[in-house]
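**Student:** Sharing a structure with you now.
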Amino acid sequence: KFTAQTFGDFLQQSALKAMSSLLVEQVPPSAVREFSKWSQSTGPLSNKRIVVPTENSSSQKISTCLALGVPAGLVAAHSRRRRNYRKRLALAAAQSQTSVTNDTFKGAAKVCSECGNVFMEDDIFCRKCGAPRSGTLGVGQKQASPKEEEPKKGHFPPKATPLLDSLGDEGTQQIRNMNVPELKQLAEEVRWQVLDAVSVTGGHLGAGLGVVELTVALHHVYDTPRDEICWDVAHQCQPHKVLTGRRSRIYTLRQGGGLSGFAKRKESVYDAFGAGHSSTSISAAVGFQTAKDRLQRSGHSIAVIGDGAITGGMAWEAMNHAGGLGSKVVVILNDNGQV
């Protein structure tokens, strides 16, 4: 019966056997020099050295590892790394003897511009220095696909949008001069535009449709972007982007190189606060309003928060903070009846 005791005895016997196979030789002190990266001493630390027999059998390796206290798995991994390293050296030597120029092959460079290493057929990055391969070759023999044009329409039936067309990409100045019937018509056009865009790109839809009229009203009443609108989470900002000079790129929402699905400060001056998380808009609005007060500037800071995000403790903490400061920050609760 194989028990823990017998296994321990087996290990002990194997270790003793391995130790007995190690040869301890006496060497002159001048021949022994041991270095350490943590020590500046270069003097001899020992006058003995252990010589491991050169047999390459697995049992010999395991016995030696048991004697020296080194896990056998580490020794096997080290052996594999050394073999792979030799293969890489042989490959690099063969490549260095190949005479090539830095001409392009199907649009991709043959030689790395950083270190001169020769690219293999499917290489995208240099195997030696990691530099990206210049050119437009994809992988192997595949040609790089041409850059796709940004879509200009979605899958909804076409609809005339005269008021939205009149805004162009100039911003919200004209909205403040519209009357109530025009604002209602503009809201209908914005709603169609959001539906048509999301039919192509996907993403959040209900949140944006729930604030179409509210978005139009905010840009009509307040002097944006001088007055900051902080959208909580900001997943409802598609109508906001349509009205703030980004309609021409609205079909690139959530696409690579396109518009973000959330508010993004680098994207537009109208995106005062980039969120992506709930219950943070009131704190941001309090900060903007406090800055206005300290700089003695006029204007308003508005937080738009939903009935789900208002349940977050950070939102209540921000309102308590605003009350303590006596701030005139505007908080709009968009009650969807979901909580």
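**Student:** For region 205-294, what is the Kirkwood hydrodynamic radius in Å, using each pair of distinct C-alpha atoms? Can you show the working numbers first?
**Tutor:** On the way: mean 1/r = 0.0745 Å⁻¹.
Hydrodynamic radius (Kirkwood, Cα pairs) of region 205-294 is 13.4 Å.
**Student:** Quick one: order 215, 280, 290 from most to least accessible surface, probe 1.4 Å. Don't skip to the answer; put the middle values down first.
**Tutor:** Values: 215 0, 280 25, 290 45 Å².
Order by accessible area, largest first: 290, 280, 215.
**Student:** Separate question: How large is the accessible surface per residue of region 170-221, computed with a 1.4 Å probe and reported in Å² as a whole number?
**Tutor:** Values: 2220 Å² over 52 residues.
That works out to 43 Å² for each residue.
**Student:** Excluding ligands and nucleic acids, what accessible area in Å² is computed for residue 155 using a 1.4 Å probe, to the nearest 10?
**Tutor:** It works out to around 150 Å².
**Student:** Using a 1.4 angstrom probe on the protein heavy atoms only, could you order 178, 314, 120 from most to least accessible area? Mind dumping the intermediate values first?
**Tutor:** Values: 178 20, 314 95, 120 70 Å².
Largest accessible area first, the list is 314, 120, 178.
**Student:** State which entries of 153/266; 153/264; 241/266; 152/241; 159/184 exceed 21 angstrom in Cα-Cα distance in the structure shown.
**Tutor:** On the way: 153/266 25 Å; 153/264 23 Å; 241/266 13 Å; 152/241 16 Å; 159/184 16 Å.
Too far apart for the 21 Å limit: 153/266; 153/264.
**Student:** Something else: As a test question: what accessible area, to the nearest 10 Å², does residue 267 have when a 1.4 Å probe is rolled over all protein chains in place?
**Tutor:** Here the residue's solvent-accessible area equals roughly 50 Å².
The values are calculated or read from the model by the stated rules, or taken from the named source; none is laboratory data. Since this is a predicted model, take the numbers as computed values, not measurements. Surface accessibility is based on the protein's heavy atoms, side chains included, excluding ligands, DNA and RNA. Shrake-Rupley method; radii C 1.70, N 1.55, O 1.52, S 1.80 Å.
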